[in-house]
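The values are calculated or read from the model by the stated rules, or taken from the named source; none is laboratory data. Note that the structure is a prediction, hence the values are computed from the model and not measured. Ideal geometry is used to build each Cβ from the backbone, glycine not excepted, and the neighbour counts take in all protein chains shown.
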Amino acid sequence: MSASTKKIVSSFPVESEYARCITALDRAGILTRLPGSGNSGVIGTDGREYPVPSCEEVAALFDRNRELVERKVPQGFDRVALTPLAMPVPLLIDRMRAGVLRHAGEGTIFRTLRSPSDTLVPVRVNPEKTVWVWETLRQAFDTDRLVYFPQEHPGHQKGQPEYRGQTKSEAINNKNICAIPGWSVGLIESTPIMPGPGEGTTRAGRKQLEIGLSPREYLRTLQGEAYKGETGKTLEDFITAFLTRLETTNEVSNDISDNNALWCLGQYMKIPYAEVVPTGRWHRPVGRVRLDMHRTGNKRCTRSVGVATVVRLAGH
């Protein structure tokens, strides 16, 4: 291990980042006391218990993935992300709804700040329809219809190859995705609002992903060497990150009014008339979270939807 690698891995604030994530997950009601083991964690779609990773386990993953960490931290991946990928999506949505309503009742829910020096601006919350979900997407939650981590978007043409991807069950048992059973442990960028066209900066040879591309184009971009080790976010990532930010800073995330809605590039689904990718966003005009899907080649909404990625640390 080179001296520079040792410096980056040893200087990364694993303990404080871990504490930030655990505190937010606990406040959001994602973590529960598991009846079998007595540990804190989640119960998966398969009914199994998935204890939350310990700080020691996360630190060990940094050491095991030291070359990846050395490459990605200088590129801007400076935050730890703990995602309970095994947790049922409907239950995560329930936690999101409850969290938004609780913050609304306390008067502690605000727009996303572009910088810490900005003034907090309250957002209105729709108390009746706090989270809106497209019914076709809702029916696909936690089923094999929703494919995880596709490797390509070939387009909706007869005779073209099927997408290569995984089921949710395969993903949560894949050590390259969930280094700790049921949990994705990764690095993400702390940038609160994705850069617009021409606004992305280049750090350590990697240019930030900018708003303005279709899911198919983003997935192709991620094949580049500079983006090696990155995957798109899933709905589980989006919801967990939304709640983590809400509980940490009292701010909403991925506000479409900021041109900051998210393609959940880590998933896709084939429906009779198209191949589609989930999107997650805060819909400021109506005061709620919206989860729906759009075509993989969609260029109509690219002015307001972009991609943020996760560097997932691999296990044994």
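What helices (runs of 4 or more DSSP H) lie completely within the range 61-149 and have 2 or more residues being within 18 Å of ARG290 (Cα to Cα)? Reasoning before the result, please.
On the way: elements: 66-72, 89-106, 135-140.
Helices (runs of 4 or more DSSP H) meeting the threshold: 89-106, 135-140.
Pull up the range 24-60, narrow it to residues that are in a loop (DSSP other than H, G, I, E, B) and of a type in the set (Val, Ile, Thr), then point me to the one that is nearest to TRP183 (Cα to Cα). Quick ask: steps written out before the conclusion?
Pass one, the range 24-60, residues in a loop (DSSP other than H, G, I, E, B): 28-31, 34-39, 44-48, 52-54.
Still in the list and also of a type in the set (Val, Ile, Thr): 30, 45, 52.
Numbers: ILE30: 12, THR45: 13, VAL52: 7 Å.
Ranking the qualifying residues of the range 24-60, first place goes to VAL52.
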Return the pairs, sorted by first residue and then second, in which the second residue is part of a strand (DSSP E or B) and basic (Lys, Arg), the first residue lies in the range 70-84 and is surrounded by fewer than 20 Cβ atoms within 10 Å (Cβ to Cβ), the beta carbons are less than 8 Å apart, and the residues are 6+ apart or on different chains. PRO74/ARG203; GLY76/ARG203; GLY76/ARG206
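Identify the residue in the range 234-285 that is small (Gly, Ala, Ser) and in contact with a helix residue (DSSP H, G or I) (Cβ under 7 Å, 6 or more places away or on another chain) and, among all such residues, is nearest to ILE193 (Cα to Cα). Let's see the steps before the verdict.
Going through the range 234-285, the residues small (Gly, Ala, Ser) turn out to be 241, 253, 257, 261, 266, 274, 280.
Those still in the list that are in contact with a helix residue (DSSP H, G or I) (Cβ under 7 Å, 6 or more places away or on another chain) too: 253, 266, 280.
Numbers: SER253: 8, GLY266: 19, GLY280: 14 Å.
Filtering first and then ranking leaves SER253.
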Considering (1) closer than 17 Å to VAL307 by Cβ; (2) free of Cβ contacts under 8 Å to residues at least 24 places away in the same chain, say which one GLY266 fails and leave the rest. (2)
The conditions are (1) outside any loop (DSSP other than H, G, I, E, B); (2) at pLDDT below 95; (3) not hydroxyl-bearing (Ser, Thr, Tyr), and GLU152 fails exactly one of them. Which is it? (1)
If you scan the range 122-136, which residues turn out to be farther than 20 Å from VAL252 by Cβ and in contact with an Asp or Glu (Cβ under 9 Å, 6 or more places away or on another chain)? THR136
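Test of understanding: among ARG164, ARG216, which residue is at pLDDT below 95 and under 19 Å from the mean Cα position of the chain (by Cα)? Reasoning before the result, please.
Details: ARG164 fails: under 19 Å from the mean Cα position of the chain (by Cα).
Exactly one residue qualifies, and that residue is ARG216.
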State whether the residues of the range 256-265 include one that is farther than 28 Å from GLY105 by Cβ, in a strand (DSSP E or B) and either in contact with a strand residue (DSSP E or B) (Cβ under 8 Å, 6 or more places away or on another chain) or among the acidic types (Asp, Glu) (or both). yes
